[in-house]
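What follows is calculated from the coordinates using simple rules that are stated; it is not laboratory data. The shown structure was predicted, so the numbers you read here are calculated from the model rather than taken from an experiment. We place every Cβ from the backbone using ideal geometry, glycine too, and count neighbours over all the protein chains shown.
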Amino acid sequence: MKPHYFVVCAALALAACGQAEAPKEEAPAAPASLMETIQAQSPEMQLVSAYQALAVYQQAHPESQPTCTSPRDTVSRGVIPENVSPDSIYAPHKGAAVYSVQCGELRSRAPMDPREHWLVIYAPGATEVSIVNCAGTRGDDLCPRDVPTVAAPEGAAPTAP
């Protein structure tokens with residue numbers, strides 16, 4: 001009976017030699033950029049992620065003051081268009097997804113403080129978010145709710161959406 005097992009094992013071993021190799025695991029997809037990652041989220045989660053990114057940034061950069069302890073308003077500014085006004089705080093961020101985070105007291109009558117207003121910027125291909133404070137040198141807020149744009153030059157072909 002034992003020689004029979006030997007013959008069966010030899011036959012199986014020979015059959016296995018002709019088999020194709022086991023399928024190899026595919027390499028994991030390259031991680032998406034931060035901008036692609038946030039844009040894949042629901043609109044509500046984008047706002048939460050932007051606030052969380054600001055909090056992480058401020059922990060790593062204690063010089064970014066005042067620290068945002070409570071968000072009052074978080075708004076998406078969308079992707080900054082090519083025709084953004086060149087003198088706007090948004091101009092260096094063409095093509096980036098930008099979120100506004102206004103921090104401060106959670107009382108309705110408390111005025112919004114421009115020093116506690118931040119832009120959280122997800123630039124295409126960037127591996128880290130950029131953070132910009134909205135306070136001007138005179139205490140004014142440099143980050144209007146609507147991104148200022150300029151008219152396209154005459155004769156310019158409109159871009160497809």
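The string of couplings for segment 72-81 from the Karplus curve (6.51, -1.76, 1.60, θ = phi - 60°) is 9, 7, 10, 9, 7, 9, x, 8, 5, x Hz, one whole number per residue in order, with x for Gly and Pro. Amide H to amide H distances under 5 Å link ASP141 with GLY136, where only residues 5 or more positions off or on other chains count and H is placed in the peptide plane. Using the Cβ of MET112 as centre and a radius below 14 Å, the other residues enclosed give a net charge of -1, where K and R count +1 and D and E count -1.
Relative to the globular-protein estimate of 2.2 N^0.38 Å, the Cα radius of gyration of segment 34-133 stands at 1.05. Remark: segment 84-90, residue by residue, has Karplus-estimated 3J(HN,Hα) of 5, 4, x, 9, 8, 5, 7 Hz, where x stands for each Gly or Pro and the curve is 6.51 cos²θ - 1.76 cosθ + 1.60 at θ = phi - 60°. Take the alpha carbon atoms of segment 101-125, find their center, do the same for segment 40-68, and report the distance between the two centers in whole angstrom. Taking the Cα centre of each part, segment 101-125 and segment 40-68 sit 10 Å apart. Residues with beta-carbon under 12 Å from that of PRO71, excluding PRO71: net charge, scoring Lys, Arg +1 and Asp, Glu -1? That works out to -2.
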